[in-house]
Amino acid sequence: YCKGLPHVVHAQEQLFSCATNSAREITGMTREKGLNRVIVAACSPRTLEPLFRDTVREAGINQYYFEMANIREHDSWVHSKEKEEATEKAKDIIRMSVARACRLEPLQEFDLPVDKAALVVGGGIAGMNCALSIANQGHEVHLVEREPELGGVARRIHTTLEGMDVQAYLRDLVSKVYQHRLIHVYHDATITDAAGYVGNFVTTVSSEKGAAAIKHGAAVLAIGADLYRPAEYLYGEDDRVLTHLDLEEGIAKRDEKIVNAKSVVMVQCVGCRNEERNYCSRLCCSESVKNALRLRELNPEMEISILFRDMRTYGFKEDYYREASEKDIKFIRYEPDDRPLVEPGESEDGRPVLKVTVTDFVLGKKLQIDADIVALAAAVVPAAATKELAGLFKVTLSPDGFFKEAHVKLRPVEFAADGVYLCGLAHYPKFIQETINQAYGAAGRALTLLSNDIVVASGSVCRVDEKKCMGCGACVEACSYGALELRETKQGMKV
């Protein structure tokens, strides 16, 4: 079908066009047949168009003579059960791409200067590690934190499951940040405006220092996440019902009410894996096992029960789950349509307790547990400022409301918007070590940009056709990038 289209002189099928041997084949065929337009009908141009443009350029023609027909996301994936109709649609998509390719013009990329400074939004573990990594390479870093002090959620975490002293690590990290001569910290800060483009951003920050317009070449979003505030299981109504962070702080302070409790019940998956938040918070199971093991160490006589849907202590954390089982910490599975019930009551000896009723999935019977403390594994939710920052920096969010990377495999710490990167809990719930690793990754990508004196900008730049512009100004209002303005000319108002 493709060979029969106007102006098409060659068409062939490849298994993986993005593979190295296939790219060589495209380059060779372009040279051999003297082609001046190349079309690849395959997947999304969002991820692989730059690769194919380089392939075309190596063949000796302008890279903007390349056109990509997306017959995957726009066709085969959405019409997987209608093969004949999907094939006809693929033909239409390719036919339109051929028609467009005939009208393509050669464009030239141009160079832009790069501001050597970086902006890191968020002063938690992710933001501080990223800022230090960039600053250690000799670049100025502006670290913006919305709270009066650095640390983020980690200020409420005292140990990891493996036994790392988080507070000692945090103190050392904060000290390094404050002592670094190239890092400027803004406390009680909010971002009111963000403008510019890769290598040349201007972000307006309002902080304790006043309002400031910060010029920077790259931005890293590491604003962390928030904890879901439960509306179930009597949370907020009874002070014996806590979140796991509350429980961990109580354990660290040796709160007698917690340490001397006769019975502690932990409820998993509170606020997530439901219709409103259809994702797993990843951290909760390990947090529960950690707190349970710590309580067992402090009070060997305490009865500890963990009510779960699925225990997800993945990787080597599985060893701690087994250890908890061996230390007589009871794991009771419940079904999502038959959740535990928490009510105030009295024990057999007249002691005020919380009555926790749960159906044991294995026994098929209802159990009632007298608990002195009920700990809820509350969901990790996107930070309140996530949506606002996404609008300011023109980046996308996942269906769960967290920041979404450009490509989960090819660009895991980048956004589709060039020059903006992400790391930490703002991306999705992750452990401290994972957060640190990703912070280094984001810093590495930012340094790749900042280490250059210039950045090559795309030749695809929109322009206003003044002959057709009637000066209504509708495009100026609609442009989210602020790239257009209305001016008065001899012919009247023009964009």
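The values are calculated or read from the model by the stated rules, or taken from the named source; none is laboratory data. These figures come from a predicted structure and were not determined experimentally. Positions of Cβ are generated from backbone atoms using ideal geometry, with glycine treated the same way; all protein chains shown enter the neighbour counts. Heavy atoms of the whole protein, side chains included, go into the accessibility calculation; ligands, DNA and RNA do not. Shrake-Rupley method; radii C 1.70, N 1.55, O 1.52, S 1.80 Å.
A few notes on this one:
- Normalised contact order of region 407-461, rounded percent, pairs of Cα under 8 Å and 6 or more residues apart: 30
- Dividing the alpha-carbon radius of gyration of region 401-495 by the rule-of-thumb value 2.2 N^0.38 Å gives 1.60.
- Shape call, region 313-408: gyration tensor on alpha carbons, a/c limit 1.5: prolate
- The lysine pair tally for region 426-495, using Cα distances under 26 Å and a gap of 8 or more places or different chains, is 4.
- Protection proxy ranking of 446-454, 8-16, 263-271 - average other beta-carbon atoms within 10 Å, highest first: 263-271, 446-454, 8-16
- Span from the region 199-249 Cα centroid across to the region 289-350 one, whole angstrom: 29
- The residues of region 404-495 present an accessible area of 62 Å² per residue when probed at 1.4 Å with all protein chains retained.
- Volume of the convex hull of region 269-319 (Cα atoms only), normalised per residue: 80 Å³.
- The accessible surface of region 26-182, taken with every protein chain in place and a 1.4 Å probe, is 50 percent carbon and sulfur.
- Proximal aspartates and glutamates relative to Lys327, as straight alpha-carbon distance under 13 Å, when same-chain residues fewer than 8 apart are discounted: Glu297, Glu301, Glu303, Asp319
- If both residues of a DSSP beta bridge must be in region 359-495, then about 100% of such bridges are antiparallel.
- Packing-based ranking, highest mean first, of 471-478, 307-314, 214-221 given that Cβ atoms within 10 Å are counted: 214-221, 307-314, 471-478
- Counted charge near Ile26, where neighbours are those whose Cβ lies closer than 14 Å (Asp, Glu -1; Lys, Arg +1): -1
- A straight Cα-to-Cα reach below 23 Å connects Lys355 with the lysines Lys257, Lys262, Lys330, Lys365, Lys366, residues fewer than 8 places away in its own chain not being considered.
- Working ranking of peptides 421-428, 228-235 by packing, defined as the average number of other Cβ atoms within 10 Å per residue, highest first, is 421-428, 228-235.
- All lysines inside 18 Å of Lys387 as judged from Cα atoms, apart from same-chain residues fewer than 8 positions distant: Lys404
- Euclidean distance of C-alpha centroids, region 376-451 and region 156-171, integer Å: 23
- The angle between the Cα long axis of helix 166-179 and the main principal axis of the chain comes to about 50°, on a 0 to 90 degree scale.
- For region 34-160: relative contact order, % (alpha-carbon pairs under 8 angstrom, 6 or more apart): 20
- Near Asn200: Cβ cut-off under 13 Å, other residues only, Lys/Arg at +1 and Asp/Glu at -1. The net charge is -2.
- Taking region 275-381 and dividing mean pair separation by its residue count, relative contact order in percent (alpha carbons under 8 Å, at least six apart): 22
- Solvent-accessible surface of region 225-274, averaged per residue with a 1.4 angstrom probe and all protein chains in place: 43 square angstrom.
- For Arg411, neighbours were defined as the other residues whose beta-carbon sits under 14 Å from its Cβ, and their charges (Lys and Arg +1, Asp and Glu -1) total 0.
- Between 0 and 90°, nearest 10: helix 432-450 axis offset from the chain longest Cα axis: 20
- By DSSP, the beta bridges lying fully in the chain are antiparallel in about 55 percent of cases.
- Between 0 and 90°, nearest 10: helix 83-102 axis offset from the chain longest Cα axis: 50
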